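Some notes on the structure that comes next.
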2 protein chains.
Amino acid sequence: MTPAETARPAGRLWGLGVGPGDPELLTLKALRLLRAAAVVAYPTLEGGASFARSIVAAHLAPGQRELAIRVPMTTAREPAQRAYDAAAAELAEHLAAGRDVAVLCEGDPFFYGSFMYLYGRLAGRFPVEVVPGVSSLTACAAALGQPLAARNDTLAVLPAPLPDAVLRARLAGAEAAAIVKLGRHYPRIRALLEAEGLTPHARYVERATLPEQRLVPLAEAGAVAAPYFSMILIHRRGEAWRWPHD
Amino acid sequence: MTPAETARPAGRLWGLGVGPGDPELLTLKALRLLRAAAVVAYPTLEGGASFARSIVAAHLAPGQRELAIRVPMTTAREPAQRAYDAAAAELAEHLAAGRDVAVLCEGDPFFYGSFMYLYGRLAGRFPVEVVPGVSSLTACAAALGQPLAARNDTLAVLPAPLPDAVLRARLAGAEAAAIVKLGRHYPRIRALLEAEGLTPHARYVERATLPEQRLVPLAEAGAVAAPYFSMILIHRRGEAWRWPHD
């Protein structure tokens, strides 16, 4: 720690899961800590609007400092490292000055979230608490009216960027599966599921819990592109879950 | 529908995810609907105390009717069928009489929850909404301070009652895994993870987010028994998630 960091009690860092999109899916705890934070930070893609901020916008107060974390749209290592190094340094200044900082995280902070990069840089130096949120995974299942996993189902969560061979192997043994991070990989995933005979068991969900939410069987979802906030849910047993212990 | 069901607008059935245990992890939406419900139903094991009810106890009003759903402690089909048939019939009476019914669900209603059995029996006859909640899966990761899944990790969620061969096959290809429904299967799972060399990567979580929460490396968790509300989280990469794009 620098002398400045030891001069007063450090601020606390809160990673707040703010849920999948519907502002009402915020937890009471996330709301309490959000209101208590002197600084509210959130990711933005290259300086664009922040989805996480939009979810809690109604609760932000004029006196709170806001800090946009510009996440570079790249899979290259160096620019991402630099962006998180810079963001962590800025958060550390506030924390060292005794200011509590809330970092807003879409869905849940530790379910494929970028919060982990800030956590990894700051958890050793300042008190950190992670507040779990409603993840897109269960939000999509609720929107579809279809259990995510039941009884002794295995559930596989699979990021779409993985190679076809890996996806095929993981899909083979799972009763239930969720394919996340679709984006530009969507046409390939769609073809793969068709080849595996899984299309009849697959449903496509876009922007779950938001007014523009879209729910369709995969066969009707179109073949072109999918936004980042979309997911495919697969359940091999269809509606057998309606009856217990079958 | 019976004539009674058509005589007035039917009540609405809400499956409310109430989160993993900490009452503050209730969502604003679940709280609003809970307060609006004329009837509040919740599962109890053979008539014992209801964990789901305990989570929201502070918000229940004297004027609300409470309805305990006695879930039989058995894996046999017939007694379970009968219990859910009886509970659905009782809920249907309230719904047909125009009363809104909230069913409390620990964690998330569609993540290995018993709500699906009521949903399957009532969704065709009455308006139903499922409100997703914070699941034990992300709550355990938050409590551990360890991302559940990151980047392009595959995540396998595996119920402990599955045979060893199935568990071994599903664990082999997953960077991250969660083993749920431990209970009496815990000693077998512990031995299996040891044999697979996974003990150093496994952590045991009991009653996450509650005051009596327990978090230990699996190696220190003891070998005897585990309560129903426990989970083992495995991540092969250890703390490599601290740095993005490695």
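The values are calculated or read from the model by the stated rules, or taken from the named source; none is laboratory data. Being a predicted model, the structure only gives us computed values, none of them experimental. As a convention, Cβ positions derive from the backbone with ideal geometry for all residues, glycine included, and neighbour counts pool all protein chains shown.
With respect to A:Val101, is the statement that it is β-branched (Val, Ile, Thr), at pLDDT 95 or above, surrounded by 23 or more Cβ atoms within 10 Å (Cβ to Cβ) and more than 29 Å from B:Val157 (Cα to Cα) true?
On the way: β-branched (Val, Ile, Thr): yes; at pLDDT 95 or above: yes; surrounded by 23 or more Cβ atoms within 10 Å (Cβ to Cβ): yes; more than 29 Å from B:Val157 (Cα to Cα): yes.
Yes; evaluated as a whole, the condition is true for this residue.
Tell me which residues, restricted to the range B:111-130, are within 7 Å of chain A (Cβ to nearest Cβ) and among the β-branched types (Val, Ile, Thr).
Of all residues in the range B:111-130, those within 7 Å of chain A (Cβ to nearest Cβ) come to B:111-112, B:116-117, B:120, B:123, B:130.
The answer is B:Val130, and nothing else.
I'd like to verify a number: residues in the range A:30-65 that are within 18 Å of the chain's Cα centre (by Cα) and not aliphatic (A, V, I, L, M), how many?
Going through the range A:30-65 one residue at a time, the tally reaches 9.
With the structure loaded, tell me whether B:Leu104 is under 24 Å from B:Glu24 (Cβ atoms) and not in a helix (DSSP H, G or I) or whether it fails that test. Before the answer, list the steps.
On the way: under 24 Å from B:Glu24 (Cβ atoms): yes; not in a helix (DSSP H, G or I): yes.
Spelling it out, B:Leu104 is indeed under 24 Å from B:Glu24 (Cβ atoms) and not in a helix (DSSP H, G or I).
Within the range A:26-56, count every residue that is within 14 Å of chain B (Cβ to nearest Cβ) and in contact (Cβ under 8 Å) with a residue 12 or more places away in the chain. Steps first, answer last, please.
Within the range A:26-56, the first condition is being within 14 Å of chain B (Cβ to nearest Cβ), and the residues that meet it are A:26-36, A:43, A:55-56.
When the remaining residues are screened for being in contact (Cβ under 8 Å) with a residue 12 or more places away in the chain, the result is A:26-27, A:29-31, A:33-36, A:43, A:55-56.
The number of residues fulfilling the criteria is 12.
Could you look through the range A:44-55, keep only residues that are out of contact with any helix residue (DSSP H, G or I) (no Cβ under 6 Å at 6 or more places or on another chain) and of a type outside the set (S, T, N, Q), and pick out the one that is modelled with the lowest pLDDT?
Step one: filter the range A:44-55 for residues out of contact with any helix residue (DSSP H, G or I) (no Cβ under 6 Å at 6 or more places or on another chain), giving A:44-54.
Okay, now just the ones that are also of a type outside the set (S, T, N, Q), so A:45-49, A:51-53.
Working: A:Leu45: 79, A:Glu46: 72, A:Gly47: 67, A:Gly48: 81, A:Ala49: 89, A:Phe51: 95, A:Ala52: 96, A:Arg53: 97.
Restricting to residues being out of contact with any helix residue (DSSP H, G or I) (no Cβ under 6 Å at 6 or more places or on another chain) and of a type outside the set (S, T, N, Q), the top hit is A:Gly47.
Report yes if some residue within the range A:56-66 is outside the structural domain of A:Tyr228 (by TED's automatic domain parsing) and surrounded by 21 or more Cβ atoms within 10 Å (Cβ to Cβ); otherwise report no. Steps first, please.
Taking the range A:56-66 and keeping what is outside the structural domain of A:Tyr228 (by TED's automatic domain parsing), we get A:56-66.
From what's left, surrounded by 21 or more Cβ atoms within 10 Å (Cβ to Cβ): A:56.
Within the range A:56-66, one or more residues are outside the structural domain of A:Tyr228 (by TED's automatic domain parsing) and surrounded by 21 or more Cβ atoms within 10 Å (Cβ to Cβ).
Inside the range A:178-187, can you point out the residues that are within 10 Å of another protein chain (Cβ to nearest Cβ) and either touching a Lys or Arg at 6+ places or on another chain (Cβ under 8 Å) or at positive phi (or both)? Steps first, answer last, please.
First, the residues of the range A:178-187 that are within 10 Å of another protein chain (Cβ to nearest Cβ): A:178, A:180-181.
If the condition is that a residue be within 10 Å of another protein chain (Cβ to nearest Cβ) and either touching a Lys or Arg at 6+ places or on another chain (Cβ under 8 Å) or at positive phi (or both), then A:Lys181 is the only one that fits.
Return the pairs, sorted by first residue and then second, in which the second residue is surrounded by fewer than 24 Cβ atoms within 10 Å (Cβ to Cβ) and among the polar types (S, T, N, Q), the first residue lies in the range A:131-143 and is more than 7 Å from chain B (Cβ to nearest Cβ), the beta carbons are less than 8 Å apart, and the residues are 6+ apart or on different chains.
Matching pairs, first to second residue: A:Ala143/A:Thr209; A:Ala143/A:Gln213.
Report the residue count in the range B:144-162 for those that are buried (at least 24 other Cβ atoms within 10 Å of the Cβ) and either out of contact with any Phe, Trp or Tyr (no Cβ under 7 Å at 6 or more places or on another chain) or more than 7 Å from chain A (Cβ to nearest Cβ) (or both).
4
Among the residues of the range B:91-148, what is the count of those that are of a type in the set (Asp, Glu) and closer than 30 Å to A:Tyr112 by Cβ?
Of all residues in the range B:91-148, those of a type in the set (Asp, Glu) come to B:93, B:100, B:106, B:108, B:129.
Still in the running and closer than 30 Å to A:Tyr112 by Cβ: B:106, B:108, B:129.
Count: 3.
Taking the stated definitions as given, is A:Arg237 touching a residue at least 40 places away in the same chain (Cβ under 8 Å) and either touching a Ser or Thr at 6+ places or on another chain (Cβ under 6 Å) or in a loop (DSSP other than H, G, I, E, B) (or both)? Give the derivation first.
Values: touching a residue at least 40 places away in the same chain (Cβ under 8 Å): yes; either touching a Ser or Thr at 6+ places or on another chain (Cβ under 6 Å) or in a loop (DSSP other than H, G, I, E, B) (or both): yes.
It is true that A:Arg237 is touching a residue at least 40 places away in the same chain (Cβ under 8 Å) and either touching a Ser or Thr at 6+ places or on another chain (Cβ under 6 Å) or in a loop (DSSP other than H, G, I, E, B) (or both).
Please state which one of B:Ala41, B:Ala87 is outside any helix (DSSP H, G or I), assigned by TED's automatic domain parsing to the domain that holds B:Val18 and modelled with pLDDT of 95 or more. Working first, answer last.
Working: B:Ala87 fails: outside any helix (DSSP H, G or I).
It is B:Ala41.
Suppose the filter is within 11 Å of chain B (Cβ to nearest Cβ) and either polar (S, T, N, Q) or within 15 Å of the chain's Cα centre (by Cα) (or both); does A:Leu171 pass it? So that I can check it myself, show each step before the final result.
On the way: within 11 Å of chain B (Cβ to nearest Cβ): yes; either polar (S, T, N, Q) or within 15 Å of the chain's Cα centre (by Cα) (or both): no.
Considered against the rule, which asks whether it is within 11 Å of chain B (Cβ to nearest Cβ) and either polar (S, T, N, Q) or within 15 Å of the chain's Cα centre (by Cα) (or both), A:Leu171 comes out as no.
Anything in the range A:71-84 that is more than 10 Å from every other protein chain (Cβ to nearest Cβ) and exposed (fewer than 12 other Cβ atoms within 10 Å of the Cβ)? List them, or say none.
A:Met73, A:Arg82
Determine whether the range A:216-230 contains at least one residue that is within 14 Å of chain B (Cβ to nearest Cβ), in contact (Cβ under 8 Å) with a residue 60 or more places away in the chain and not basic (Lys, Arg). Please lay out each step first, then the result.
Step one: filter the range A:216-230 for residues within 14 Å of chain B (Cβ to nearest Cβ), giving none.
Checked the range A:216-230: no residue is within 14 Å of chain B (Cβ to nearest Cβ), in contact (Cβ under 8 Å) with a residue 60 or more places away in the chain and not basic (Lys, Arg).
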